[in-house]
Amino acid sequence: MNDEQYMRMALSLARKGLGTVSPNPMVGAVLVKDSTVVGKGYHKKAGSPHAEVAAIDDAGANAAGATLYINLEPCVHYGRTPPCADQVIAAGIRRVVVAMLDPNPLVNGKGVEKLRKAGIDVKVGIFEDEARRLNEAFIGSMEKKRPFVTMKAAVSLDGKIATKTCDSRWISNEESRRQANLLRCINDGILVGINTVISDNPLLVPRLKNPKKIPIRIILDSKLRIPLACDVVKTSEKYRTWVFTNEDSRTDKETRLRALGVEVIRVPKDDSGRASVRHICEELYRREITSILVEGGGEVNSTLLKEGLVDKVVLFYGTIIIGGKGALNLVGGKGIDFLKDAYRIDVATLKKLKDNIYIEGYVHRNH
């Protein structure tokens with residue numbers, strides 16, 4: 001086997017941490033000596049040993065003189081665990097192959113530099129694109145100092161997310177809904193607007209037997225209109241629920257919500273008088289939320305897009321046409337006047353889920 005094949009193995013191991021390692025990245029490590037894998041490991045959850053340490057422990061004495069394959073540069077700082085670069089050096093590893101540098105400014109390049117200064121041969125850049133895609137939420141959050149935002153929706157072929165009577169069950173098929181629930185498990189939070197809570201009364205938890213995790217439920221509610229009897233409030237002792245509201249919204253309602261287990265977070269208004277999504281994203285980042293799945297309506301989608309806060313779009317197209325001016329659109333707001341100002345989606349995945357169409361892509365806007 002060659003460097004590429006062992007790195008594929010490391011990336012495959014890293015994926016096992018999907019949904020459990022946040023706010024840390026997914027990392028896998030493979031130790032090879034005399035063309036034999038002598039140790040392997042991956043980061044299982046924040047606070048547990050990092051991948052390279054798990055691989056070193058797995059290899060024992062065989063780590064000395066081995067080559068380490070890892071999808072992210074070893075760290076050099078004390079976080080929840082000690083620096084990994086020191087342990088790589090102490091284990092007597094002679095060569096390290098890294099897919100990409102760590103975007104964390106506490107590490108960025110310093111891990112590789114430390115290894116090289118210790119006389120270890122270091123190679124960087126094998127499958128870097130794959131490594132970046134795997135940890136896109138961690139990287140995006142680290143680089144932009146806010147959560148990585150995925151806008152998800154089930155839509156009709158003519159771009160509607162509900163009829164004029166707000167009926168939306170079900171635009172997508174069972175397979176699409178299963179995929180959507182898997183998406184919920186790998187994000188730190190699910191975000192909706194208050195109109196979605198009032199019209200749909202969603203529970204906002206993964207509908208799976210044994211979900212890897214339950215994301216935090218995040219509701220944008222500028223005037224604290226959230227009904228005390230709705231499902232997210234009634235279950236807030238069991239599932240963490242954060243409601244973002246204006247600084248001057250009702251304090252009596254806040255007191256009642258807090259008594260029921262809801263955390264109410266006040267943020268400044270934007271120009272339209274609503275809770276500022278930019279301030280909300282900053283607060284979520286401070287709380288170590290690295291990724292959110294937006295399942296809101298057209299107004300929330302429009303606001304986030306307009307503010308340049310949507311990184312990725314995942315759409316499940318049901319093969320139906322709804323029609324009607326009063327039906328609800330995927331993106332509301334004023335819209336754009338000229339096509340040159342449209343949001344462009346770089347499509348990364350396009351596939352059929354039985355009779356549905358699945359599209360996954362990344363957002364950029366032409367100027």
Computed [θ] at 222 nm, deg cm²/dmol, the chain (DSSP H ≥ 4; -39,500 (n - 2.57); rounded to nearest 500): -8000 deg cm²/dmol
Gain on full stretching of the segment that runs from TYR362 to ASP3 - 0.36 nm per residue minus C-alpha separation: 126.3 nm
Global geometry of the stretch 158-227, whether rounded, prolate or oblate, following the gyration tensor of its Cα atoms and the 1.5 cut on a/c: oblate
Cβ-derived FRET efficiency at R0 35 Å, LEU106 paired with LEU182, nearest 0.05: 0.65
Expected-Rg normalisation [2.2 N^0.38 Å, Cα atoms] applied to the stretch 56-155: 1.23
LYS269 paired with ALA61, simple spin-label distance in nm, labels 7 Å along Cα-to-beta-carbon: 7.2
Solvent-accessible area per residue, Å², over the stretch 225-365 with all protein chains present [probe radius 1.4 Å]: 54
For ALA154, residues with placed amide H under 5 Å, excluding near neighbours: PHE316
Within the accessible area of the stretch 17-118 (1.4 Å probe), percent carbon and sulfur: 52
Interchain or long-range residues, amide H under 5 Å from GLY19's placed H: none
Fully extended contour minus Cα-Cα distance, from LYS16 to ALA348, at 0.36 nm per residue: 117.3 nm
Estimated FRET transfer efficiency when R0 is 35 angstrom, pair THR235-HIS279 (beta carbons, to 0.05): 0.85
Residue-normalised accessible area of the stretch 1-127, expressed per residue, 1.4 Å probe, Å²: 43
Listed pairs LYS16/LYS123; LYS269/LYS340; LYS164/LYS212; LYS160/LYS354; LYS213/LYS306 exceeding 26 Å between Cα atoms: LYS269/LYS340; LYS164/LYS212; LYS213/LYS306
For the stretch 110-205, the fraction of alpha-carbon pairs in successive 10 Å shells from zero, as %: 12, 30, 26, 16, 9, 7, 1
Estimated dipole of the chain in Debye, rounded to 20 [Cβ of Lys and Arg +1, of Asp and Glu -1, Cα centre]: 660
Farthest positive-ward along the chain dipole, Cα basis, beta-carbon charges - from VAL197, ALA229, ILE218: ALA229
Fraction of accessible area attributable to carbon and sulfur, the stretch 174-325 (%, probe 1.4 Å): 48
Distant-in-sequence amide H partners of LEU72 (H built 1.01 Å from N, under 5 Å): GLY28, ALA99, MET100
Projected-area average for the chain over all orientations - Cα convex hull basis, square nanometres: 20.3
Inter-centroid distance (Cα atoms) of the stretch 59-126 relative to the stretch 1-55, Å: 12
The stretch 245-358: proportion of alpha-carbon pairs further apart than 17 angstrom, %: 70
Signed unit charges on C-beta, dipole axis of the chain, positive-most listed residue HIS43, LEU13, GLY324: GLY324
Average Cα contact separation per residue, the chain, under 8 Å, 6 or more apart, as relative contact order %: 15
Candidates GLY92, GLY193, GLY318: whichever shows maximal mean-square fluctuation once the chain is modelled as a Gaussian network with Cα springs under 10 Å: GLY92
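The values are calculated or read from the model by the stated rules, or taken from the named source; none is laboratory data. Everything quoted here is computed from the prediction, not taken from an experiment. Every residue, glycine among them, receives a Cβ derived from its backbone with ideal geometry; neighbour counts consider all protein chains shown. Each accessible area value is taken on the protein alone, full model and side chains, heavy atoms only, with ligands, DNA and RNA left out. Shrake-Rupley method; radii C 1.70, N 1.55, O 1.52, S 1.80 Å.
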